[in-house]
Amino acid sequence: MTDTSTPGKKTDWASPQLLAKVAQRQRAEKRFRRLGLSAIVIALAMLATLLFSIAGKGYSAFYQTRLVMDVTFSEAVIDPKGTRNEDDLRAAGYGGIVRDTLRETFPDVKSRKDLRELFALVSKGAPMQLRDMVLDNPDLIGQTVPVDFIAGDDIDMFNKGFIPRDVPEGDRRVKDMEIAWFDQLDAVGAVKMVFNSTFFTSGDSREPELAGIWGAISGSFYTLIVTFLISFPIGVMSAIYLEEFAPQNKFTDLIEVNINNLAAVPSIVFGLLGLALFLNVAHLPRSAPLVGGLTLALMTLPTIIIASRAAIRAVPDSIREAALGLGASKQQTAFHHVLPLSMPGILTGTIIGLSQALGETAPLLMIGMVAFIVDIPGGFTDAATVLPVQIFLWADSPERAFVEKTSGAILVLLGFLIFMNALAVLLRKKFERRW
Amino acid sequence: MQMLADVTTPEIEDVEAIISAKDVSVFYGDKQALNNVNLDIPANQITSLIGPSGCGKSTFLRCLNRMNDTVFGCRVEGNITLDGQDIYAPEVDEVLLRARVGMVFQKPNPFPKSIYDNVAYGPRIHGLTRDKDELDEVVLTSLEKAGLLKEVKDRLNATGTGLSGGQQQRLCIARALAVQPDIILMDEPCSALDPIATARIEELIEELRENYTIIIVTHSMQQAARISQKTAFFHMGEIVEVGDTEQLFTNPRDDRTQGYITGRFG
């Protein structure tokens, strides 16, 4: 229509040059689509490999070998005075009972050295196991009942097939003798595989079969609570102020640039800051979720501010004008309309920030949350560790049995992360609005 | 042109001016958007502001309820009085001013809340009603006045954004009415609507004239001719001509007005 300069000259859309051009364009599109598809396939394959390898190594951490043996809760050992006083029951020599039980089950074992091997069949936690049973139910005293002993970690590994029988005896941690005892128990059906509730209910331990992630989960929980309580209000308020109230000038530009830079600062630097500020200046307790949470809050703040600002900016100006036009003040406009409308986006950003914080290890190393902590933390100032640090600690342990614990803990951590991210997606889907 | 504008003013002097703008200039940063605009808005009449895009008519409208204050870098010079009081005086609370001078926007912008909450929002923040019953009444009368009540009375709790475009715009008008303003500013209220919805809104605007002073910015000269009593023609940030609508459309004094209303430019 506009091309009036060359009247009469018509484009020949069927000419070989143009057809070649079309074919070339179609090839380019196909090529690009194939490249994109292969990129996705490669990424998925990597992810699948990762998940399968962790799940393959880790699932056995959720099971545990138990050895069933008849235990005589001898009154003479546990409560010679017959008072049933709780303190006496607590202090009794349950180790002797465990040893007696093993000796009775395997009467042929005589030599000191063999006996030591024999006693290692069950976990070092076996006396505690018996003590807890007695404290729970003092009527057991004087009775003989079958008890599921937690197997020692080597036997557990052997039972799970990680220690093969066919390698020379010198090369494996489980000796022929122990295998014979194990087989003997197995023959009478005294070997059981049960769900490993210890793994989910206890804290860390030097003994792999007694180690659990509950301490780390509690630590992570307290830490994240602190992180959320600090970073969410401050982050959201900063974002609202910067978006809705602050004048646009060099100073606010500088703040904006710095917030974006902070989001890219390596997390270990935040750990150093936390160390300097919270421990050395404020003298807060070392290794505590309070300090961990504060440190992670510093790290999460930029993420939350950036996500919140984006969410606030996405609220159309027409809504602000509508409210202002009705005589709402700026603050009323921000809190009655803009904030509720941007809340899904803000929450999504917050959850993603928190899930980053949940997976963070480096800054916590700096403030002493890397310590070996057996007790389950009961509050914000108790010494604690967190899931990723627990994984780090276990991955560092030499015992074979910690390999599966490490992978098991990774599975649990991934589970939490997937749960949180799914929550973020759900929130976004649920509250998504059309204007 | 200043002169012409002044000349036309006396003809409508018989009606009391509720808003009076004197030598109003508006700057966005370094850019001047309005240059020495003088305009009297008669009470209980419909005044329409017409002119090509970018001529400053919306800018002028937004000066009247100080919506320009929210625009970064915007500066207003001159004097605008509402009932004799300078609205840019330091002691004036611009938030309260906006309650007295309501505004309806180009694109229907109901809050993504229920129809009821949309209308009730203004009375709620200003504390205009004492109890729920009173609020209910204000909401229903406002919807009634906006001619929307019949269509929505069974679904007051449905979301306002689910209405059709025309209904949404009437909801916005009802929302503005609920604050009981004296003046309603309308910034091209029909430009996003189909002809039937437009006709309904125009009807409504004419009904509202009885109780409110209405200033409407419009791109449609037919609309200005149909509904308004007074028309001001803006061009390049100045008022070229202002006068009775009939006179301005049938017998414009200025060549540019003539050119614009006959469609030669704009």
Rounded to whole Hz and in sequence order, give me ³J(HN,Hα) for region A:415-432 from the Karplus expression 6.51 cos²θ - 1.76 cosθ + 1.60, θ = phi - 60°, writing x for Gly and Pro. x, 4, 5, 4, 4, 5, 5, 5, 4, 4, 5, 4, 4, 4, 4, 5, 9, 4
Between A:L277 and A:L414, how many nm apart are label points set 7 Å from Cα along the C-beta direction? 3.4
Using Cα springs under 10 Å in a Gaussian network model of chain A, which residue among A:Q26, A:Q332, A:Q390 shows the largest mean-square fluctuation? A:Q26
A correct Stokes-Einstein calculation for chain A, using the alpha-carbon Kirkwood radius, 10 °C and 1.306 mPa s, returns a whole-number D in µm² s⁻¹ of 59
Compute the FRET efficiency between B:K132 and B:D244 as 1/(1 + (r/R0)^6), taking r as their Cβ-Cβ distance and R0 = 51 Å, and round to the nearest 0.05. 0.65
The protein assembly as shown, accessible area per residue, ligands and nucleic acids excluded (1.4 Å, Å²): 49
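Which is the longest stretch in chain B that no exposed loop site breaks, taking sites as GluC sites (Glu not before Pro) with a DSSP loop state and at most 11 other Cβ atoms within 10 Å?
Values: sites that count: B:E13, B:E16, B:E91, B:E210.
Between the exposed loop sites, the longest stretch runs B:92-209.
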Normalise the Cα radius of gyration of region A:110-175 by 2.2 N^0.38 Å (N = residues in it) and let me know the number. 1.42
Which of the aspartates and glutamates could a cross-linker span from A:K160 if the Cα-Cα distance has to be under 14 Å and same-chain partners fewer than 8 positions apart are dropped? A:D183, A:D186, A:E209, A:E404
Less than 28 Å apart at the alpha-carbon level, and either on another chain or at least 8 residues along: which lysines does that give for B:K150? B:K107, B:K113, B:K132
Leaving out same-chain residues fewer than 8 places away, which lysines sit with a Cα under 26 Å from that of A:K9? A:K21
Here, trypsin sites (Lys or Arg not before Pro) of region B:51-133 satisfying both criteria (DSSP loop; at most 15 other Cβ within 10 Å) are B:R130
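With all protein chains present, how much of the accessible area of region A:61-195 (probe radius 1.4 Å) comes from carbon and sulfur, to the nearest whole percent?
Roughly 49 percent of what the probe reaches on region A:61-195 is carbon or sulfur.
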Hey, got a sec? Which trypsin sites (Lys or Arg not before Pro) in region B:137-192 land in a DSSP loop and have at most 15 other Cβ atoms within 10 Å? none
Cα convex hull of region B:31-150: mean projected area in nm², to one decimal? 9.9
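Please compute how much accessible surface disappears when B pairs with A, both sides summed, using a 1.4 Å probe, and round it to the nearest 100 Å².
Working: alone 12360 and 24110 Å², together 34690 Å².
Answer for the B-A pair: about 1800 Å² buried.
When the accessible area of region A:214-431 is split by element with a 1.4 Å probe, what percent falls to carbon and sulfur?
Numbers: 6520 of 9350 Å².
Carbon and sulfur: 70 percent of the exposed surface of region A:214-431.
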Can you pull the three principal axis extents for the Cα set of region B:40-79, in Å, largest first? 32, 23, 16
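How much length would be gained if the chain were fully extended between A:K9 and A:A264, taking 0.36 nm per residue of separation minus their Cα-Cα distance, in nm to one decimal?
Between A:K9 and A:A264, full extension yields an extra 85.9 nm.
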Determine the calculated [θ] at 222 nm for the protein assembly as shown from helices alone, applying -39500 (n - 2.57) to every DSSP H run no shorter than 4 residues and normalising by the residue count; nearest 500 deg cm²/dmol. -16000 deg cm²/dmol
Roughly what would the spin-label model give for A:Q26 and A:V68, points 7 Å off Cα along C-beta, in nm? 7.2
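The values are calculated or read from the model by the stated rules, or taken from the named source; none is laboratory data. The shown structure was predicted, so the numbers you read here are calculated from the model rather than taken from an experiment. Please note: Cβ atoms are built from the backbone with ideal geometry, for glycine as well, and neighbour counts cover all protein chains shown. Ligands, DNA and RNA are excluded from the accessible area calculation, which covers all protein heavy atoms including side chains. Shrake-Rupley method; radii C 1.70, N 1.55, O 1.52, S 1.80 Å.
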